[in-house]
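Remarks on the structure that follows.
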Amino acid sequence: MAALIELRNLTKTYRLGDETLHALDNVSLVVDSGEFAAITGPSGSGKTTLANIIGGLDRPTSGTVIVDGNDLSHVRDNKLSTYRNKYIGFVFQSFNLQGTQTALENVTLPLVFAKIRPKIRKMRAIACLEAVGLGDRLDHRPSQLSGGQRQRVAIARALAIEPRIIIADEPTGNLDSQRGEEIMKLLKQLNRRGITLIVITHDPNIAHQAGRIIQIHDGRLSERRGLIA
Amino acid sequence: MRFSDYIFIAFRNIRRQKLRSALTIFAVVIGATSVAIMLTVVFSVKTFITNQFEQNGTFQQVAVAPQTDITWNDRGGGQCSDCTILTDALVAKMQTRPNVVGVARQVQLWQFEALLYGNQKLRIQQLVAYDTNGVIVDHLLAGRDLASTDKAGVVTVSSDYADKLGFKGNYQGIIGKQIQLYTSQYYNGVGSDPLKAYQDQQAWFAAHPGASGQDYHPAPVSIPATIVGVTDASLMSNYTVRVPLDWARGMYEDQNYQITPAAQQAANAACQGKPGPCNVQPQPSLVVTDELAKNGYTSLIVKADKASDAVAVAADLRHTFKVGAADAQTEIKQQLAIFNVLGYVLGGIGGIALVVAAVGVVNTMIMSILERTREIGVMRAVGARRATISRLFTFEAALLGFWGGVFGVAVGYVLTLVGNPILNKQLQSNNIGSTDILTMPWWLVAGVVALTTIIGILAGLYPARRAAHLNPVDALHYE
């Protein structure tokens, strides 16, 4: 498989008062297209920072990020926004849905920024919601949905732009184990359809479902291949 | 993002915070209403005054008076000691000046007190006479204008007289009716009986030996006249009776029975050398003085070929004839300058209200951004550019301004609807025919809405920039 994501000597430092915090310390990593990688590590180890840099939400202090042959390290904000819009689907622990909008409107949001015509974006959003099993909940607001259903809406939103990569940051963190398993099943299904899946978790059960487990500790990587591909 | 999406999303966000949006818009409405109303009042009054002057081609007219320091308001003439007398010879010379197309001689008569009709008695504000040569044009509502062939016995009256005499709405009905022009005491022009006046005076002094001349009050005179036309009572010509110029000349005459020095001499001669008391009394004879020829016309109205030449004509007349000359334009410019200042002052007050409203918009937008920080983070995560976020919030602020402007203008319009009937009553009580003078022109409506929208945009710039530069990672984790 071809390399989709390539990180070279990535460093990310934060200044907290007088202290300099190394969130990422000389990290190099290659993720192939269609891979399912889990990033694990204790709190504050730098896993979310890593995911944010891959997702184009954050920039490294030094080092190179290459996705699909494009160097993202020094591109302008506009390019980075377009990259997020075209390549990345984010799934967050706290769902991050717009509370005042319906499931359908939430899923439509990335398509609005992609300048897709209203008719087409509605069709695509409905298809995505149907794909996550919420075809009958189009006009429900997040407050009218269960936790699992909300995360499905979030996944549908990530799917809407047909991303190459889905980055899920603790996708099951706010769900009970049964709902969590359902969500993981859904994500793995998408992975099998060719979408590269990066899941950030500190739950070993979830990490072990990945084909590859990347452990991060104090901003440094150590890696082992997972049991289940 | 598509333009329609910006509008849709901005709309939705404004509706989301109904009360807050409504209060913010309310502040803009207050500012917009005050600006709209103030501009409407200033614009309407300026238009009204200009129209009043434009009627009858007043802008082409130059008022000429004997004294040199006159303004347009003195066009009825005034008192002076060291003046150029406005004679027919002078008028003939004025006719030949460049850009002058006509001169109307004007006489104002002060010896008339009232107009009598049946048993009604109405005070005469002004009794005037002027040439009928197209320089001064009366706006007739019924009957006919005075013609140069009219010599005496006919008048036109302004419509306010007709109204008072019970012919409101039926001005045709007053045509042909006879009225009396009631003079003040001492009137001795045409229509008076100077011989009788002389005899009355003699008889009175005979009955009151030793009385002072100040105690004698001769009787006023009533002069009959037929109404041939009703003219529009405008701002400048209310309660006006117009008589033919020839008649006015006669009214101006000083007719007196006097004992002339010659008669006195003759009587003295007859008595000379005769013993005892002499019974030969000097015979009084009628002496008529043409006061108009002596004192000149009250004023002249000179018509320039174009309104734009009136100022130059006035200057030329002043320079050439050493008379006072005033054009309406200079006058109206002064009057309107006051309204310009008024407009700036009132507009300034509205402007301050709008500045306060703008601060409200800034406040609302900053609150909105704080509340929606996570939402902004999500939008950025799914691909919204900084410029997109910035535009979204700018649109929202612009929409607050836009609605404020629309409602403000609407409230202003309603206020003009309320104000017009009140003003109409006021104007009617002053006998001015104009109605509904408060008008809101389309450019004012568009201008005020555009202004508040721009204010909304400007007020939204800072909050929008702030929203656009939020760090997406921080925004997503904002609690």
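A few remarks follow.
- Any hit, the range B:293-309, residues being loosely packed, with under 13 Cβ neighbours inside 10 Å, closer than 30 Å to B:Ala197 by Cβ and at pLDDT 85 or above: no
- Residue check, B:Val28 closer than 30 Å to A:Gly99 by Cβ, buried (at least 21 other Cβ atoms within 10 Å of the Cβ) and either at pLDDT 85 or above or of a type in the set (Val, Ile, Thr) (or both): yes
- Residue within the range B:264-284 that is in a helix (DSSP H, G or I), closer than 30 Å to B:Ile179 by Cβ and of a type in the set (Gly, Ala, Ser) present: no
- Positions within the range A:204-225 being buried (at least 21 other Cβ atoms within 10 Å of the Cβ), within 17 Å of A:Arg8 (Cα to Cα) and small (Gly, Ala, Ser), in sequence order: A:Gly219
- Matching residues, the range B:1-25, being touching a residue at least 12 places away in the same chain (Cβ under 8 Å) and either more than 14 Å from chain A (Cβ to nearest Cβ) or part of a helix (DSSP H, G or I) (or both): B:Tyr6, B:Ile7, B:Ile9, B:Ala10, B:Phe11, B:Asn13, B:Ile14, B:Arg20, B:Ser21, B:Leu23, B:Thr24, B:Ile25
- Looking only at the range A:43-69, and only at residues there that are in a loop (DSSP other than H, G, I, E, B) and in contact with a helix residue (DSSP H, G or I) (Cβ under 6 Å, 6 or more places away or on another chain), the one that is farthest from A:Ile88 (Cα to Cα): A:Pro60
- Residues that are more than 25 Å from the chain's Cα centre (by Cα) and assigned to a strand (DSSP E or B) within the range B:116-158 comprise B:Leu116, B:Tyr117, B:Gln120, B:Lys121, B:Gly143, B:Val154, listed in sequence order.
Residues checked against (1) assigned to a loop (DSSP other than H, G, I, E, B); (2) more than 13 Å from every other protein chain (Cβ to nearest Cβ); (3) surrounded by fewer than 17 Cβ atoms within 10 Å (Cβ to Cβ):
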position	(1), (2), (3)
A:Arg121	no, no, no
A:Ala127	no, yes, yes
A:Glu130	no, yes, yes
A:Gly135	yes, yes, yes
A:Gly148	no, yes, no
A:Val153	no, no, no
A:Pro163	yes, no, no
A:Ile167	no, no, no
A:Thr172	yes, yes, no
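- Here A:Gly63 clears all of (1) touching a strand residue (DSSP E or B) at 6+ places or on another chain (Cβ under 8 Å); (2) facing chain B (nearest Cβ under 10 Å) except the condition numbered (2).
- Qualifying residue in the range B:351-364 (condition: surrounded by 15 or more Cβ atoms within 10 Å (Cβ to Cβ), closer than 26 Å to A:Val112 by Cα and within 14 Å of another protein chain (Cβ to nearest Cβ)): no
Per-residue answers, yes or no, for (1) touching a Lys or Arg at 6+ places or on another chain (Cβ under 9 Å); (2) aliphatic (A, V, I, L, M):
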| site | (1), (2) |
| --- | --- |
| B:Asp88 | yes, no |
| B:Val100 | yes, yes |
| B:Phe112 | no, no |
| B:His139 | no, no |
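- Residue satisfying all of: in the range B:441-479; within 14 Å of another protein chain (Cβ to nearest Cβ) and not in a helix (DSSP H, G or I); surrounded by the most Cβ atoms within 10 Å (Cβ to Cβ) among these: B:Leu470
- Meeting the requirement of 2 or more residues that are closer than 30 Å to B:Arg144 by Cα, among the hydroxyl-bearing types (Ser, Thr, Tyr) and at pLDDT below 85, no strands (runs of 3 or more DSSP E) wholly within the range B:159-246 can be named.
- Restricting the first member to the range B:32-59 and to residues that are within 24 Å of B:Trp403 (Cβ to Cβ), and the second to residues that are of a type in the set (S, T, N, Q), the beta-carbon pairs closer than 7 Å and six or more apart or on different chains are B:Ala32/B:Thr452; B:Thr40/B:Thr416.
- From the list B:Thr394, B:Thr388, the one residue that fits, being within 14 Å of chain A (Cβ to nearest Cβ), touching a residue at least 40 places away in the same chain (Cβ under 8 Å) and surrounded by 15 or more Cβ atoms within 10 Å (Cβ to Cβ), is B:Thr388.
- Residues in the range A:93-104 that are more than 7 Å from chain B (Cβ to nearest Cβ) and touching a residue at least 40 places away in the same chain (Cβ under 8 Å): 7 in all.
- Residue, surrounded by the fewest Cβ atoms within 10 Å (Cβ to Cβ), within the range B:249-271, restricted to residues that are in contact with a Ser or Thr (Cβ under 8 Å, 6 or more places away or on another chain) and of a type in the set (D, E, K, R): B:Asp254
- Qualifying residue in the range B:368-376 (condition: of a type in the set (A, V, I, L, M, F, W, C), assigned to a helix (DSSP H, G or I), away from every other protein chain (no Cβ under 14 Å) and touching a residue at least 40 places away in the same chain (Cβ under 8 Å)): yes
- Single residue of A:Lys115, A:Lys86, A:Lys79 found to be facing chain B (nearest Cβ under 10 Å) and part of a loop (DSSP other than H, G, I, E, B): A:Lys115
The values are calculated or read from the model by the stated rules, or taken from the named source; none is laboratory data. This structure is a prediction, so every number in the text was calculated from the model and none was measured. Don't worry about glycine lacking a Cβ; one is built from the backbone with ideal geometry, like all the others, and counts go over all protein chains shown.
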